[in-house]
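Where a number appears in this text, it was derived from the coordinates with a stated rule and is not lab data. All values reported here derive from a predicted model rather than from experimental measurement. Because the Cβ atoms are built from the backbone with ideal geometry, glycine has one as well, and the counts that use them run over all protein chains shown.
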Amino acid sequence: MKSSSQAKDGRVSAYLSLTKPRILTMVLVMSAAGFFLGAGGTLYPLDTFIIMLLGTALSSGGAAVLNHYLERDCDELMHRTRNRPIPAGKVTPEEALSFGLQLVLMGVVLLAWQVNLLTAFLSLLTVFLYVLVYTPLKRVTWWNTAIGAIPGALPPVGGWTAATGELDFGAWAVFLILFVWQHPHFYAIAWMFREDYERGGFKMLPVVHPDGRSTFNQVIGFSIILIPISLLPVLTGMAGPLYGWGMTVLGLAMLAVGIKFARTRSVQDARLLLKASVIYLPLFFILILGDRGL
């Protein structure tokens, strides 16, 4: 039999898993980068930066928990999600709902109290769109990917407003880049797990249009759009030639991988596109921060 300490560790691990740590880490990196850019390349005021990260972690983690709660029945049907804490019986639905709501409330209140109301509003908007719009739409329409890209692109905007207290074009430029980037990223995932998504009742594009033509059109179309959109910081003086040339090369590389994926339609090339998109994101932030001499 397991000892009480082992059982406690298992419960802690289950609750931590509900917050989707990998996604949460990416959210915090994007939020930190947004703060850096908004603050002109500093972490100051340092207390605001730390509190922004903590509040964002709480609200984003809470949103992930609520997503687990709402999709618990679907998760039980899919191979890659059936061992998540709720379908596996490690955490009850009621416990997850309470935990998620508490995290979101603490995060939003902390941001409103110690950072500013605009950042708290953006955090709450992100939770609302992710949990109450994107999550249910996954069972209704393939447009869920485009809708879900909105909350997915908001974290750096929240970091920016935490540093500046306002929204300006620089924040929206970063938002647009991440909004467009998410489409080839998530369509690659949708193609890789299309059978599982169908099993779970999700109306992802490869499920609704199984021939793949619409999926590949979206991948190539958004990969093309990403190239000029990624150059918006250059046009506004937010970044210079180093960033511009670097992003052009990255964009063309992503497009090349997308075209290869569309030609072969293989899971292997879908995985390659996913890896390319994951590499693209940190390089984007490195280039824009480096070009400003940060």
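With the charge dipole of segment 13-167 set up from +1 on Lys and Arg Cβ and -1 on Asp and Glu Cβ about the Cα centre, the Cα lying farthest toward the positive end among the listed residues L54, G165, I86 is that of I86. Using the Karplus relation 6.51 cos²θ - 1.76 cosθ + 1.60 with θ = phi - 60°, the per-residue 3J(HN,Hα) values for segment 249-254 come to 5, 4, x, 5, 5, 5 Hz, with x marking Gly and Pro. Using 0.36 nm per residue and subtracting the Cα-Cα separation, the extra length available between W245 and F128 on full extension is 38.4 nm.
A full extension of the chain between R265 and E195 corresponds to an added length of 23.8 nm, given 0.36 nm per residue minus the alpha carbon distance.
Computed as a quarter of the hull surface, the mean projected area of the alpha carbon convex hull for segment 13-167 stands at 8.8 nm². Which value in nm describes the separation of the simple spin-label points at L16 and A253, placed 7 Å from the Cα toward the beta carbon? Using points 7 Å along Cα→Cβ, the separation is 3.2 nm.
Amide H contacts for V91 (H built 1.01 Å from N in the peptide plane; partners 5 or more residues away or on another chain; cut-off under 5 Å): I86. Using equal-weight Cα scatterers in the Debye expression, the normalised intensity of segment 225-276 in log10 at q = 0.16, 0.19, 0.20, 0.24 Å⁻¹ is -0.52, -0.64, -0.68, -0.81.
Annotation: amide H of R139 within the under-5 Å range of K203, sequence separation 5 or more or interchain, hydrogens built in the peptide plane.
Cβ crowding within 10 Å, taken as a proxy for footprinting-reagent exposure, orders V257, V140 from fewest neighbours to most as V140, V257.
Across the options S123, L16, G40, the greatest Cα extent toward the positive end of the charge dipole of segment 9-139 (unit charges at beta carbon of Lys, Arg, Asp, Glu) belongs to L16.
Neighbour counts of C-beta atoms inside 10 Å place F285, F193, F35 in the sequence F285, F193, F35, starting with the fewest. Using only helices, what value at 222 nm comes out for the chain when you add -39,500 (n - 2.57) per DSSP H run of length 4 or more and divide by the total residues, to the nearest 500 deg cm²/dmol? Computed ellipticity for the chain at 222 nm equals -25000 deg cm²/dmol.
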